[in-house]
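The values are calculated or read from the model by the stated rules, or taken from the named source; none is laboratory data. Given the structure is predicted, the values throughout are model-derived calculations rather than measurements. Cβ: placed from backbone, ideal geometry, glycine included. Neighbour counts: every protein chain shown.
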Amino acid sequence: MNVVDSSGWLEYFTGTNRANLYAEAIEKTESLLVPSLSLIEIF
């Protein structure tokens, strides 16, 4: 399982230099967990 918090999502969505560190975990949706608090922080 991969857990991605709000900082990882912000890096991924904004396409920063560190986005590639999170891309693999985020794009493997079958093993992705997103804390509900992270959803609230991002949206």
Does residue 37 satisfy being outside any loop (DSSP other than H, G, I, E, B), free of Cβ contacts under 8 Å to residues at least 60 places away in the same chain, surrounded by fewer than 12 Cβ atoms within 10 Å (Cβ to Cβ) and not hydroxyl-bearing (Ser, Thr, Tyr)?
yes
Kindly evaluate residue 26 against the criterion of being in contact with a Phe, Trp or Tyr (Cβ under 9 Å, 6 or more places away or on another chain) and either at pLDDT below 95 or on the phi > 0 side of the Ramachandran plot (or both).
no
Looking only at residues in segment 1-34 that are among the small types (Gly, Ala, Ser) and surrounded by 11 or more Cβ atoms within 10 Å (Cβ to Cβ), which one is farthest from the chain's Cα centre (by Cα)?
19
